[in-house]
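Shown next, in structure tokens, is the structure this report addresses.
The values are calculated or read from the model by the stated rules, or taken from the named source; none is laboratory data. Fair warning: this is a prediction, and the values are worked out from it, not measured in the lab. Don't worry about glycine lacking a Cβ; one is built from the backbone with ideal geometry, like all the others, and counts go over all protein chains shown. Quick note on the areas: whole protein, heavy atoms, side chains included, nothing else; ligands and nucleic acids left out. Shrake-Rupley method; radii C 1.70, N 1.55, O 1.52, S 1.80 Å.
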Amino acid sequence: MGATAMTQTTPAHLEYVLRLGDAALIHGQRLSEWCGHAPVLEEDLALANMALDFVGQARMLLSYAGTLEGKGRDEDALAFLRHEGQYRHPTLCELPNTDFAHTTIKGFLLGSFNLLMWSRLCGSSDKALAAIAAKSLKEARYHAEHTGDWVIRLGDGTDESHRRAQAALDILWPYTNELFAANPTDDAAAAAGVGPAWSELAGEWEAAVLPVLQQATLTVPARTPFQSYGKFGRHSEHLGHLLAVMQHLPRSFPGATW
Amino acid sequence: MLTEAQAWQALDTVEDPEIPVVSVTELGIVREVILGQDGLRVVVTPTYSGCPATEMIAESIVDALKAAGAGKVSVETRLAPPWSTDWIAEGARKKLRAYGIVPPQPALPDGAQVVRFMSRKLACPRCGSSHTTRLSEFGATACKSLYRCEDCREPFEYFKPI
């Protein structure tokens, strides 16, 4: 597995895997911030459990990215010892938590995307990536179910929950443009059969997301030309703060072990 | 030097730290035991990507095999095919129920549509009533969800099919 992966490795292949790993890591880190703060105990458990799934997926993906890179960096080196410009996840993942509706909508938009992505990646020409995808797909299904149910509960709930869910959707929706923006890495990865160009997934994603938003009585904002560029390493001001918390321990105590 | 059968026997004694009534072999996560010149290799498939018990299980496997007389032991992870709750042994399902955890129904195929507000008809493991409600899709561990029996009013866990 390792040997064939090495011979296939191109910069685009590595970048594609790294992006998936970073998206899982940063989304997982944001979810983990809810631990002990969620509105009800059951959701505290749910958010922490989903955070664990994402961090677990990130570990598999970043370990594999380290193998593809071939410079001896392991999952910890990639997670904890890179600077913000070296992260490749879409900006949506790093936006700070505000209220439960915001986290729910964000989790649903990303979760619906992940379900499609893992499903497609099960057929990747890269067998190691396909194995990670098959594992992650089972978890993504639960995430998409759970967050989607909550989108409907909040949107079609009380005036207050509807107002908050709509406000969250209005703020987050423009960041979904980036998920489907064409990108040279994607073109190369798609041509090599590593995985789909993310832009190809736009139609299926909307077909999955829009009916749920409609059932939630939420108004889908009009598309605007707004673009974020996290996939190129140009992040919002929020990522540096997230990394300061996440990386503090391994940077302050290099080589620390539990 | 252990035989392969002895190694499997030793593995039968290794418990899941989160659900100490089932062994790692009953859980279906031990895929293969390989006796080689460089020692004993145990191939394990993880349950959930982020399951915090994974590393502890690997340590327990090494400890149990060494206690049974194995020399060098290594644990390898194999991702494909991904673990499914369908691999849990029949006997373990009875033990789960007796322990208060409803065993998993058959896993859905990967391409299955997402179902909204899915409520499964589960029988309470304590009183047997099917008048039960899901409290949360996610329970105390990633692999379980939380239910409540509306008749005996006790909460219980359900091992999620995956």
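Some observations on this one:
- Residue count, region B:54-87 (criterion: out of contact with any Phe, Trp or Tyr (no Cβ under 8 Å at 6 or more places or on another chain) and in contact (Cβ under 8 Å) with a residue 40 or more places away in the chain): 15
- Exactly one residue out of A:124, A:136 is within 14 Å of chain B (Cβ to nearest Cβ) and in a loop (DSSP other than H, G, I, E, B), and it is A:124.
- If you check B:126, B:120, B:153 for being farther than 20 Å from residue B:57 by Cβ, open to solvent by less than 60 Å² (accessible area, probe 1.4 Å) and either in contact with a helix residue (DSSP H, G or I) (Cβ under 7 Å, 6 or more places away or on another chain) or not in a helix (DSSP H, G or I) (or both), only one passes: B:120.
- In region A:51-110, the residues that are of a type in the set (Ser, Thr, Tyr) and within 18 Å of the chain's Cα centre (by Cα): A:63, A:64, A:87, A:91, A:98, A:103, A:104
- The lone exception for residue B:130 - which of (1) within 14 Å of chain A (Cβ to nearest Cβ); (2) at negative phi it fails: (1)
- Condition check for residue B:110: open to solvent by 40 Å² or more (accessible area, probe 1.4 Å), under 30 Å from residue A:215 (Cα atoms) and not hydrophobic (A, V, I, L, M, F, W, C): yes
Residue by residue, here is whether (1) of a type in the set (Phe, Trp, Tyr); (2) at pLDDT 95 or above; (3) buried (at least 19 other Cβ atoms within 10 Å of the Cβ) holds:
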| position | (1), (2), (3) |
| --- | --- |
| A:79 | no, yes, yes |
| A:82 | no, yes, no |
| A:100 | yes, yes, yes |
| A:115 | no, yes, yes |
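- Residue within region A:49-71 that is open to solvent by 40 Å² or more (accessible area, probe 1.4 Å), in a helix (DSSP H, G or I) and closer than 17 Å to residue A:144 by Cα present: yes
- Residue selected from region A:215-234 under the condition farther than 16 Å from residue A:106 by Cβ and open to solvent by less than 50 Å² (accessible area, probe 1.4 Å), by the criterion nearest to the other protein chains (Cβ to nearest Cβ): A:231
- Neighbours by Cβ (under 7 Å, 6+ apart or cross-chain): first from region A:122-150, free of Cβ contacts under 8 Å to residues at least 24 places away in the same chain; second open to solvent by 10 Å² or more (accessible area, probe 1.4 Å) and of a type in the set (Ser, Thr, Tyr): A:137/A:119
- Of all residues in region B:141-154, those being farther than 21 Å from residue A:153 by Cβ and more than 7 Å from chain A (Cβ to nearest Cβ) number 8.
- Those residues of region B:87-106 which are assigned to a helix (DSSP H, G or I) and open to solvent by 80 Å² or more (accessible area, probe 1.4 Å), in sequence order: B:90, B:94, B:95, B:97, B:98, B:99
- Of residues in region A:172-214 being within 14 Å of chain B (Cβ to nearest Cβ) and touching a residue at least 12 places away in the same chain (Cβ under 8 Å), the one surrounded by the fewest Cβ atoms within 10 Å (Cβ to Cβ): A:204
- Yes/no for residue A:46 being within 14 Å of another protein chain (Cβ to nearest Cβ), crowded, with 22+ Cβ neighbours inside 10 Å and modelled with pLDDT under 95: yes
- Residue within region B:75-91 that is away from chain A (no Cβ under 14 Å) and either charged (D, E, K, R) or in contact with a strand residue (DSSP E or B) (Cβ under 7 Å, 6 or more places away or on another chain) (or both) present: yes
- Members of region B:129-144 found to be more than 20 Å from residue B:95 (Cα to Cα) and assigned to a loop (DSSP other than H, G, I, E, B), listed by number: B:131, B:137, B:138
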